[in-house]
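Please treat every number below as a calculation from the coordinates, not as lab data. Keep in mind that what you see is a predicted model, and the values were worked out from it rather than measured. Positions of Cβ are generated from backbone atoms using ideal geometry, with glycine treated the same way; all protein chains shown enter the neighbour counts.
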Amino acid sequence: MTGHRCCDVGRAVMFSVKQVLDAAGSRLAAFADEPYADVRALAGHVLQRHRAWLIAHSDDEFPVDILDEFWHLIDGRVQGRPVAHLTGYREFWGVRLKVTPATLIPRPETEHLVEQTLLLDLPEESSILDFGTGSGAIAIALACERPAWNIHAMDISGAALQVAVENAALARVPNILFRCSDSLAAYGFHGFDAIISNPPYVAEGDPHLLCGDVRFDPANALMSGEDGLNCIRYLITDAPKFLKPNGWLLMEHGHDQSRSVRVLLEQAGYGDIRTALDLAGNDRVIWARCPDSG
Ligand code: GLN
């Protein structure tokens with residue numbers, strides 16, 4: 001905190017919330033893309049306050065007994081650890097989700113997948129599958145919005161599923177059935193109205209894997225073959241067998257995969273193919289009606 005104003009009260013040195021946040025922001029500046037947003041998230045976490053409180057109370061004393069904990073988190077961030085791992089949670093679709101290294105950290109772009117699913121004209125009591133649920137983000141967001149849907153959520157990772165089950169309990173959504181599997185065949189009996197997935201879609205060896213939070217995500221939630229499209233190809237091929245006639249397949253994909261995924265869907269006979277952009281303006285979500293072959 002050298003160089004920052006402080007005031008002496010007896011022997012204790014006090015710092016205001018603003019002083020601590022500014023100092024932490026300067027410390028993080030060389031290590032994080034959004035240092036001040038990270039600092040606010042970490043300070044909000046240790047102080048158990050919202051962002052607005054931090055602004056409104058910027059001249060309050062930063063409680064001295066939690067300064068160590070706060071700087072410990074900042075050190076973790078300097079070492080590259082994701083904010084979501086440091087706090088243990090991430091907000092997704094307004095729901096606070098527990099996140100551990102066993103699960104992909106939910107990203108804002110995946111909210112577009114939820115948004116588009118809700119915009120489809122699906123029946124009141126739809127049967128829905130979240131393929132590769134991870135922390136449960138998509139399934140839980142949909143369950144909150146559509147309590148009458150029967151939602152199934154599967155993942156290859158038992159450790160991720162444990163977190164997802166816990167998250168569903170915390171969000172108090174009873175309408176999700178979880179299953180550990182890597183294959184749609186586990187649902188042999190089923191005719192889903194929609195299958196939704198944020199599958200692994202990063203190409204093996206993609207340099208992007210060496211940067212930022214993805215370094216801490218589970219590899220099997222990120223990578224999918226040489227071109228990143230193995231899982232997407234699998235879903236496009238097999239989903240029709242598990243969808244009702246005219247059922248929907250909705251997937252997130254990489255920022256440069258839109259054309260390839262569209263071609264794969266067309267070749268497989270899907271109709272009504274649509275895409276949506278993420279906040280950065282990249283095609284990020286694609287959805288289509290399955291061919292009759294189901
Ligand atoms: N969105 C992640 C990224 O930053 C990838 C997630 C995924 O593969 N589903 O690349």
>> With +1 assigned to the C-beta of every Lys and Arg and -1 to the C-beta of every Asp and Glu, and no other charges, what is the dipole magnitude of the chain about the Cα centre in debye, to the nearest 20?
In response: 300 debye
>> P(r) for region 203-294, please, calculated from all Cα pair distances in 5 Å bins and given in %.
In response: 3, 13, 23, 21, 19, 12, 7, 3, 0
> Given C-alpha coordinates of region 2-114, what is the ratio Rg to Rh with the Kirkwood estimate of Rh?
Replying inline: 1.01
> Going highest first, how would you order 103-110, 270-277, 157-164 by mean Cβ packing within 10 Å?
Replying inline: 103-110, 157-164, 270-277
> Separation of region 34-82 and region 93-129 by C-alpha centroid, Å?
Replying inline: 28 Å
> Over the chain, what is the relative contact order in whole percent, taking alpha-carbon pairs under 8 Å and six or more residues apart?
Replying inline: 13 percent
>> Normalised radius of gyration for region 145-287, please: alpha carbon Rg relative to 2.2 N^0.38 Å, two decimal places.
In response: 1.09
>> How big is the dipole moment of region 80-207 about its Cα centre under a simple scheme where the beta carbon of each Lys and Arg is +1, that of each Asp and Glu is -1, and everything else is neutral? Debye, nearest 20, please.
In response: 540 debye
> How big, on average over all directions, is the shadow cast by the Cα convex hull of region 105-152, in nm²?
Replying inline: 3.1 nm²
> How far is it, in nm, from the label point at residue 260 to the one at residue 166 when both lie 7 Å from their Cα along the line to the Cβ?
Replying inline: 3.5 nm
> When the chain is fully extended, how far beyond the present Cα-Cα distance does residue 220 get from residue 30, taking 0.36 nm per residue of separation?
Replying inline: 65.4 nm
> When you count, for each residue, the other Cβ atoms within 10 Å and take the mean per peptide, how do 51-63, 241-253, 220-232 rank with the highest first?
Replying inline: 241-253, 220-232, 51-63
>> Sorted from largest to smallest, which semi-axis lengths in Å does the alpha carbon gyration tensor of the chain give for its equivalent ellipsoid, taking the root of 5 times each eigenvalue?
In response: 42, 20, 16
> Across all directions of projection, what mean area in square nanometres is found for the Cα convex hull of region 124-202?
Replying inline: 5.0 nm²
